[in-house]
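The numbers here are math on the coordinates, done by the rules we state, and not lab data. Note that this is a predicted model, so its numbers are computed, not measured. Because the Cβ atoms are built from the backbone with ideal geometry, glycine has one as well, and the counts that use them run over all protein chains shown.
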Amino acid sequence: MIHSLATLLCCPTCGKHGVTVFPKEEKTVDYDTGPVNEIREGTIVCGSCRNKFMIKDFVPRMMHGHVSDRSALLDGQYWGRMYKRLFDKHIMNYVDIREQFTPFYRFGVSAKFSWDERLRLKETLPLNHLWLFQNDEHARCLQNLSTLAKGKRVLDIGCGSGWLSLEARRKGFDVVGTDPSIEALTLAKEYSMQKRCRIEYVQADFDNIPFVDTVFDALIAFHSLHHAPNLEKAVQECLRVLKPEGLMQIYEPRNRTRILKLIRFLLSSMMSGVIRMRHENSLPMTSFSRSRNEEISVAQINEIPRYLNVISEERYFHFLNDIPLLLYLASNNRRLLGQSSIKIDRFYACLKRLTPDLCEFVHYISIA
Ligand SMILES: [Zn+2]
């Protein structure tokens, strides 16, 4: 962390402003904007309750230590380990979406799409609803930030290994990412320094965001609040740290019905057999058990408009998204990718008109 971050921090235990930083080890990092002094190791002490928080590997650990529900922490540990393991296997698109995209690693298929190839394919397809590439969702969130001036302060809450933070920084914003997972944050910080992008990463709970009131111009919760054990408190915390008129975006799964999950699973499993015939099975992921705390508040995501001034709500289906890419990987036929994508996109549009309540994902935009 840099020294000036301390002016934004508050104590997650007592909620008071006024912390003092005691650096133990510092390093000058050469960012694209110039050299900056980063604190690698040290301690942060609250001026009111005297609680201490560690800074390790450049990341301040601002968890308040009395987590009533450890669900988010355990969930974070799961995802942090997962991202680290994928990164170590050179599946890096969860750290940097501009890296090669490996959509079917979970089936042990290592086929990759490059960033350029994805952009090229996307440009040739007139799609509105289909999430064909991972970066489509990011693009929707980043596009809405374009009304903000460069240098504005953006909080990426539940940032994981930093994929969206990195893109927001590349757009010229002053970015802070928080997450309960120290593993994910350490990976994100290391990678951002390598890429010479200055981003502050802070370990934090969802329901005790360790920042003083009204310091952020915009906030993004991207696939994140469904991990928050107390969703209402988390949303209130988001509002507290946002400036008046600040822009908040929430992009979350909202309704993963069993039938949609089953259809997706069956289709993907069937297709993965086809893929394996053409691609080597080099990435066995079977030793990963699912996080038991995943989606703890997914059923309450629909209630978010009760707490916020929502100005826009867009819903999306995802459950057939694997098909066009799987067909493409199996056949290497780009026309087949295009045709199937357009058909599924049209089908989604119909389904959305008929049964909007069945949509699996929602993107809320609100003004504080
Ligand atoms: Zn305190």
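Taking the alpha-carbon distance from Lys352 and a cut-off under 20 Å, which aspartates and glutamates remain once sequence neighbours fewer than 8 residues away in the same chain are dropped?
Cross-link targets: Asp136, Glu137, Glu252, Glu303, Glu313, Glu314, Asp322, Glu360.
Helices from the chain with mean Kyte-Doolittle at least 0.0 and a Cα length along the axis of 20 Å or more, per DSSP H: which?
The answer, listed by residue number, is 258-278.
Just checking the chain: which Cys have no other cysteine's beta-carbon under 4.7 Å?
Here Cys10, Cys141, Cys159, Cys197, Cys238, Cys350, Cys359 come out as lacking a disulfide-compatible partner, given the Cβ-Cβ threshold of under 4.7 Å.
Using alpha-carbon positions, what is the distance between the centroids of segment 303-368 and segment 133-189, in Å?
Cα centres, segment 303-368 to segment 133-189: 22 Å.
Below 12 angstrom from the Cβ of Cys46, what's the summed charge of the other residues (Lys, Arg +1; Asp, Glu -1)?
Net charge in that neighbourhood comes out at +3.
What list do you get for Cys350, Cys159 if you sort them by fewest beta carbons within 10 Å?
Listing Cys350, Cys159 from fewest to most nearby Cβ atoms yields Cys350, Cys159.
For the pairs Lys112/Lys189; Lys112/Lys152; Lys84/Lys112; Lys56/Lys112; Lys150/Lys189, flag any whose C-alpha to C-alpha distance is greater than 27 Å.
Lys112/Lys152; Lys56/Lys112
Just tell me which aspartates and glutamates come within less than 20 Å, Cα to Cα, of Lys16; anything on the same chain fewer than 8 places away is out.
Within reach: Asp205, Asp207, Asp213, Glu237.
Pull up all non-local amide H partners of Tyr201: gap of 5 or more, or a different chain, and H-to-H distance under 5 Å with H placed in the peptide plane.
Those qualifying (amide H under 5 Å, at least 5 residues apart or on another chain) are Gly177.
Write down the percent of antiparallel bridges among all DSSP beta bridges whose residues are both part of the chain, to the nearest 5.
Roughly 65 percent of the beta bridges in the chain run antiparallel, per DSSP.
In 20 Å bins starting at 0, how do the alpha-carbon pair distances of the chain split up by percent?
28, 59, 13, 0
Mind listing P(r) for segment 157-282? All alpha-carbon pairs, 5 Å bins, whole percents.
In whole percents, the pair-distance histogram is 2, 10, 16, 18, 15, 11, 11, 9, 5, 2, 1, 0.
May I ask for log10 I(q)/I(0) of segment 1-56 at q = 0.21, 0.28 Å⁻¹, from a Debye sum over the Cα atoms as equal point scatterers with solvent left out?
The Cα Debye sum returns log10 ratios of -0.75, -1.08.
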